[in-house]
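Student: The structure's right below; bear with me while I get my questions together.
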Amino acid sequence: MKPAIVISARDNVATALDALEPGRVLEFGAVSITVGEPIPRGHKVALRAIHAGEAILKYGSAIGTATAEISAGSHVHTHNVASDRGRGDRGEAEGVPAPRLAEPPEERT
Amino acid sequence: MSAQFAGYARPDGRVGVRNHLLVVPTVICSSIVAERVAAAVPAVGAALPHLAGCGQLGPDMRLTHETLAAYCAHPNVGAVIVIALGCEQVVAQMLADSARRAGKPVEIVAIQSEGGTVRSTARATEIARRMAADLERTARVPCELSSLILSVKCGGSDYTSGLAANPALGRVADRLVDLGGTAVLGEVAEIMGAEHLLAARATSPETGAKLIQIISRVEAEARALGLDIRGTQPSPGNIRGGLTTIEEKSLGATHKGGEHTPLSDVVPYAGRITRRGLTVMDTPGLDVESVTGMVGGGAQVVVFTTGLGTPTGNPIAPVIKITGNARTAVSMADNLDLDVSGILDDRESLDAAADRLFAEVIEVCSGKPTAAERLGHDEFAIHRRNPTI
């Protein structure tokens with residue numbers, strides 16, 4: 001079994017498929033990182049340095065924003081990532097993307 | 001692979017995968033009688049005990065009526081007994097009319113006019129035995145897969161859900177829709193952060209706008225309360241499992257609606273699903289309320305992916321449980337129908353897992369009982385938004 005998986009080439013995190021110990025070297029194509037701290041199974045590890053304020057990318061899409069400087073090989077989770085959606089505590093209006101269109105389907109009769 | 005299954009052709013043209021005698025209480029007060037009547041005909045009896053039916057304000061009252069009426073007309077139901085109390089808000093006759101319009105035999109038994117629990121239970125049980133005998137004689141016939149509405153659901157999600165079980169289910173949804181069938185996806189809070197992927201597949205500007213509008217409403221509700229939905233979405237179990245934000249959960253969850261299904265409609269809770277393709281239903285994230293709504297909308301079968309394992313079933317629709325977590329496949333084996341954990345350790349390709357799941361859906365629709373059915377998991381809960389008055 002692979003120790004971790006990167007879902008999209010755009011992603012800046014990998015998902016651990018097993019618990020990862022510090023010092024373990026992970027290779028994803030040309031990218032090689034050394035695990036810097038224990039990563040529980042199913043949790044995310046940074047593929048490169050991510051600055052505070054930068055988007056965390058998984059599935060090729062933004063899943064939140066870094067709230068601290070994150071080094072390659074670090075654990076990426078609720079302690080250093082904030083969600084940008086459903087944040088009633090922030091009080092501001094949030095933008096949502098405009099829909100694009102596909103082919104119309106057949107109506108069920 | 002067969003493009004047919006063995007189902008029940010109904011007089012209104014819809015197709016069922018089960019042939020239940022539905023015993024539906026109008027109100028919480030008649031729920032116990034309804035449960036006892038259904039238990040007297042265990043092969044086909046399905047009760048819908050619920051907490052509503054009285055003391056509800058306009059919109060909630062409508063939702064209760066519409067959900068119960070939708071179950072009375074559902075294609076997995078062959079006959080209906082309505083158990084009324086007599087003084088409640090829900091109108092027994094409206095539920096009976098819904099069943100009758102769908103061409104189903106229906107009777108009403110009212111506890112107050114019958115003269116109490118003992119007499120109403122005895123009278124309804126006598127009717128139930130007669131109806132059950134008729135239902136047990138009904139034969140399954142070959143039916144087209146295009147008549148299926150598949151509810152896609154996930155619950156107790158962990159990191160394996162978005163990597164294995166949801167993509168496998170998404171391939172099944174793609175294939176069913178390619179064959180002319182329909183998939184329905186609920187839980188709008190769990191689309192938040194992935195709505196751009198679905199809106200891009202909308203078949204009309206109105207449908208795309210409706211999707212965005214219902215998701216904006218959930219965010220507006222969080223703003224009105226001044227709350228961060230984190231802690232609820234993702235849940236504490238999700239966070240322990242490695243899911244950090246609602247966006248991450250949504251991106252993993254939305255896979256199960258397919259990769260190329262057209263978003264053809266957005267419907268309200270328990271609203272009738274009428275367009276082929278992918279429908280999004282406006283349901284909450286709570287598993288039982290969500291499944292209750294999607295089945296009410298007409299889904300005959302549910303595929304429910306889970307990372308941590310959950311027991312949820314439904315009174316009238318089979319709920320097929322699949323997991324991509326090899327440990328859960330062992331620890332929660334009782335509650336699971338299919339293990340697709342091989343996707344993550346290269347024992348099985350995603351396509352091969354989707355093939356097995358598709359075959360399982362056809363078998364279950366043709367009568368194979370699910371784990372939830374074998375264990376008697378028949379959870380039912382109608383969504384409500386306002387307090388009881």
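The values are calculated or read from the model by the stated rules, or taken from the named source; none is laboratory data. These figures come from a predicted structure and were not determined experimentally. FYI the Cβ positions are ideal-geometry reconstructions off the backbone, even for glycines, and counts take in every protein chain you see. When the accessible area is computed, the model is the full protein with side chains, heavy atoms only, and any ligands, DNA or RNA have been set aside. Shrake-Rupley method; radii C 1.70, N 1.55, O 1.52, S 1.80 Å.
Student: Hey, can you tell me all the residues within the stretch B:196-210 that are facing chain A (nearest Cβ under 7 Å) and in contact (Cβ under 8 Å) with a residue 24 or more places away in the chain?
Tutor: B:A199, B:R201, B:A202, B:T203, B:G208
Student: Is at least one residue of the stretch B:213-224 open to solvent by less than 20 Å² (accessible area, probe 1.4 Å) and either β-branched (V, I, T) or in contact (Cβ under 8 Å) with a residue 60 or more places away in the chain (or both)? Outline the logic, then answer.
Tutor: We begin by selecting, within the stretch B:213-224, every residue open to solvent by less than 20 Å² (accessible area, probe 1.4 Å); these are B:214-215, B:219, B:222.
Among the residues that remain, those that are also either β-branched (V, I, T) or in contact (Cβ under 8 Å) with a residue 60 or more places away in the chain (or both) are: B:214-215.
Checked against the condition, which is being open to solvent by less than 20 Å² (accessible area, probe 1.4 Å) and either β-branched (V, I, T) or in contact (Cβ under 8 Å) with a residue 60 or more places away in the chain (or both), the stretch B:213-224 yields at least one hit.
Student: Sticking with this one: When you go through B:A139, B:A132 one by one, which is the residue that is assigned to a helix (DSSP H, G or I) and among the small types (G, A, S)? Full working, then the answer.
Tutor: Numbers: B:A139 fails: assigned to a helix (DSSP H, G or I).
So the residue among B:A139, B:A132 that is assigned to a helix (DSSP H, G or I) and among the small types (G, A, S) is B:A132.
Student: Identify the single condition in (1) within 15 Å of B:H255 (Cα to Cα); (2) open to solvent by 10 Å² or more (accessible area, probe 1.4 Å); (3) assigned to a loop (DSSP other than H, G, I, E, B) that B:V177 does not satisfy, given that it satisfies every other one.
Tutor: (3)
Student: Residue under question is B:L185, and the condition is that it be in contact with a strand residue (DSSP E or B) (Cβ under 6 Å, 6 or more places away or on another chain), open to solvent by less than 10 Å² (accessible area, probe 1.4 Å) and at pLDDT 95 or above; does it hold? Give the steps one after another, and end with the answer.
Tutor: Working: in contact with a strand residue (DSSP E or B) (Cβ under 6 Å, 6 or more places away or on another chain): yes; open to solvent by less than 10 Å² (accessible area, probe 1.4 Å): yes; at pLDDT 95 or above: yes.
Here the answer is yes, as B:L185 does meet what is asked.
For (1) out of contact with any Asp or Glu (no Cβ under 9 Å at 6 or more places or on another chain); (2) among the acidic types (D, E); (3) on the phi < 0 side of the Ramachandran plot; (4) not assigned by TED's automatic domain parsing to the domain that holds B:G367, each residue gets a yes or a no:
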site: B:K153; (1), (2), (3), (4): no, no, yes, no
site: B:D158; (1), (2), (3), (4): yes, yes, yes, no
site: B:S161; (1), (2), (3), (4): yes, no, yes, no
site: B:A164; (1), (2), (3), (4): yes, no, yes, no
site: B:L169; (1), (2), (3), (4): yes, no, yes, no
site: B:A202; (1), (2), (3), (4): yes, no, yes, no
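Student: Mind listing whichever residues of the stretch B:363-385 are in a helix (DSSP H, G or I) and crowded, with 21+ Cβ neighbours inside 10 Å? Even if it seems obvious, please write down each step before you answer.
Tutor: Going through the stretch B:363-385, the residues in a helix (DSSP H, G or I) turn out to be B:363-365, B:371-374.
Correct list: B:V364, B:C365, B:A372.
Student: Report, by residue number, each residue of the stretch B:115-137 that is open to solvent by 90 Å² or more (accessible area, probe 1.4 Å) and within 26 Å of the chain's Cα centre (by Cα).
Tutor: Once the filter is applied, which keeps residues that are open to solvent by 90 Å² or more (accessible area, probe 1.4 Å) and within 26 Å of the chain's Cα centre (by Cα), the stretch B:115-137 yields only B:E136.
Student: Additional query: Just give me the residues in the stretch B:237-265 being open to solvent by 10 Å² or more (accessible area, probe 1.4 Å), away from chain A (no Cβ under 11 Å) and in contact with a helix residue (DSSP H, G or I) (Cβ under 6 Å, 6 or more places away or on another chain), in sequence order.
Tutor: The answer is B:E259, and nothing else.
Student: Let me ask something else. Among the residues in the stretch B:157-173, are any surrounded by 23 or more Cβ atoms within 10 Å (Cβ to Cβ) and assigned to a loop (DSSP other than H, G, I, E, B)?
Tutor: The answer is yes, given that some residue of the stretch B:157-173 is surrounded by 23 or more Cβ atoms within 10 Å (Cβ to Cβ) and assigned to a loop (DSSP other than H, G, I, E, B).
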